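Structure first, then comments.
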Amino acid sequence: MSQPISAWGRFYWSVQRELWENRAVYVAPLAVAGLMVFGVLISAGHMVRNVRAALPLDPMQRIDAIARPYNVAATAIMGTTLLVGIFYCLGALHSERRDRSILFWKSLPVSDLATVLAKTSIPIVAIPAITFGITVAMQAIMLGIETAAVAARGIDPQQLWSNLPVFSMWLMLLYH
């Protein structure tokens, strides 16, 4: 005899189902992050010139000049995620009604409350968490590429690391 699934188990599997059916939730931000990292690889020499040009500036302008590519990349991912979230919300209940898969899902031991909570938790919890993780990973890769490029050109990487507020950028990203 099998044990009954708890309410949290039903909710967990409902969220998993939503993520399986809506791959754009994580594929679109990953694609944008991949494009940004590819762009950083191509423009690594230009980024070194930006670091060199920013060193004689006053501290606030220096931080702004060095952090600008990281902020642009994060903004691109957040914009993409916003569009994905909007389209997810627009199609959350309509698509099941249209293709009648709701009849199949209704046959499962999941209540309407669990379904609605799962569909609500995707844009409120899952999409921001996925976006944060992808953005942090992308910025860490960008920082690694830029560190290697700066070191290869004879600039001390400490100049880059001391003028780039990585953890405060990530904290602000989490807040955002």
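Read-outs throughout are calculated quantities, based only on the coordinates presented, and are distinct from any laboratory measurement. Keep in mind that what you see is a predicted model, and the values were worked out from it rather than measured. Virtual Cβ from ideal backbone geometry, glycine too; neighbours counted across all protein chains shown.
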Mean residue ellipticity (222 nm) of the chain, computed from DSSP H runs ≥ 4 via -39,500 (n - 2.57), nearest 500: -26000 deg cm²/dmol
The range 57-96 versus the range 110-161: alpha-carbon centroid distance in Å: 10 Å
Using a Förster distance of 22 Å, the FRET efficiency for Phe38-Val125 (Cβ separation, nearest 0.05): 0.15
For the range 7-56, the fraction of alpha-carbon pairs in successive 10 Å shells from zero, as %: 22, 24, 20, 16, 13, 5
5 Å-binned pair-distance histogram of the chain (Cα, whole percent): 1, 8, 15, 16, 13, 11, 9, 7, 7, 5, 4, 3, 1, 0, 0
